[in-house]
1. Quick one: residue 48 ticks every box in (1) outside any helix (DSSP H, G or I); (2) over 19 Å from residue 188 (Cα atoms); (3) in contact with a strand residue (DSSP E or B) (Cβ under 8 Å, 6 or more places away or on another chain) bar one, so which box is it?
2. Could you tell me whether residue 17 is in contact (Cβ under 8 Å) with a residue 60 or more places away in the chain and crowded, with 22+ Cβ neighbours inside 10 Å?
3. Identify, from the list 135, 113, the residue that is surrounded by fewer than 16 Cβ atoms within 10 Å (Cβ to Cβ) and under 20 Å from residue 212 (Cα atoms).
4. Mind listing whichever residues of region 9-40 are under 19 Å from residue 211 (Cβ atoms) and not in a helix (DSSP H, G or I)?
5. Which numbered condition in (1) on the phi > 0 side of the Ramachandran plot; (2) surrounded by 19 or more Cβ atoms within 10 Å (Cβ to Cβ) is the only one that residue 73 fails?
6. Of all residues in region 256-283, how many are part of a helix (DSSP H, G or I), modelled with pLDDT of 60 or more and within 30 Å of residue 210 (Cβ to Cβ)?
7. I'd like to verify a number: residues in region 138-165 that are over 14 Å from the mean Cα position of the chain (by Cα) and either in a strand (DSSP E or B) or surrounded by fewer than 20 Cβ atoms within 10 Å (Cβ to Cβ) (or both), how many?
8. What do you reckon, is residue 176 within 14 Å of the chain's Cα centre (by Cα) and more than 19 Å from residue 8 (Cβ to Cβ)?
């Protein structure tokens, strides 16, 4: 993968939210896959304009992202890959434990779409988390729905909500989702209002997740094995009827939903089949996904993080 219009925009958002790119590690040597006008528009939207010659230089460096990262403030840019076929500065097998000299070394570690190709994913993710210096940031641009065959894995929001917690040395700053289609809006992922709810969403288009997390402690990731949060809630007895009732008060069902629930399930399913539900599949559930505008992204600095509450 590489950095396209949404990828470069996300890095600009990350900078606005406090990410320091001065010492950047790329997992895989990331390319730039967008037009000069798109890059110029992104830079201008986030008050980081560049001359035409600078934009040409960013896009002409063999198609790779180093010059763009330097524009964001990077003094040092290292890239890591299993092979040097794309000219990475280091060869590294992320399936294996990390060398001590790479721990807590970088202000930003960027996965622009590489970890889904690494078989030993928990080890690879822990390695990336360990490479980040205290106070630094992990940035991920990663596949979610409809990427079967792209790599070994595609990921859900639950993974990152569970992994980037203080128990593993991190706080999750932002988590966005968007469909891979022209001018698609971004949606900020919200923690479930009920502990036993799952963040589920079906789509007819591929969906990406954008992850920004900050290292707040130099603890070793996954000393405690992450567990799926809704199961933890059940195990800890936090799934009683009172919780569900409270959620219904906070999140009342719409009239349309209440009417639909009176229709027998077989008839509802038949109606979906006859009428088609492609459009419904392309909707992010508003309980878990809050639509975000470019203006909101531009004004993102200073907002609170998602924190590290809930089960570790």
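The values are calculated or read from the model by the stated rules, or taken from the named source; none is laboratory data. Computed from a predicted model, the values in this text were never measured in an experiment. FYI the Cβ positions are ideal-geometry reconstructions off the backbone, even for glycines, and counts take in every protein chain you see.
1. Residue 48 satisfies all of (1) outside any helix (DSSP H, G or I); (2) over 19 Å from residue 188 (Cα atoms); (3) in contact with a strand residue (DSSP E or B) (Cβ under 8 Å, 6 or more places away or on another chain) except (3).
2. On the way: in contact (Cβ under 8 Å) with a residue 60 or more places away in the chain: yes; crowded, with 22+ Cβ neighbours inside 10 Å: no.
No, not satisfied.
3. On the way: 113 fails: surrounded by fewer than 16 Cβ atoms within 10 Å (Cβ to Cβ).
Going through 135, 113 in turn, just one is surrounded by fewer than 16 Cβ atoms within 10 Å (Cβ to Cβ) and under 20 Å from residue 212 (Cα atoms): 135.
4. Within region 9-40, the subset under 19 Å from residue 211 (Cβ atoms) is 9-21, 24-28, 30.
Scanning region 9-40 gives 17, 18, 19, 20, 21, 24, 25, 26, 27, 28, 30.
5. Condition (2) is where residue 73 drops out.
6. The qualifying residues number 1.
7. If we filter region 138-165 for residues that are over 14 Å from the mean Cα position of the chain (by Cα), which is where we start, we get 146-153, 165.
Okay, now just the ones that are also either in a strand (DSSP E or B) or surrounded by fewer than 20 Cβ atoms within 10 Å (Cβ to Cβ) (or both), so 146-153.
Result for region 138-165: 8.
8. Working: within 14 Å of the chain's Cα centre (by Cα): yes; more than 19 Å from residue 8 (Cβ to Cβ): no.
The answer is no for residue 176.
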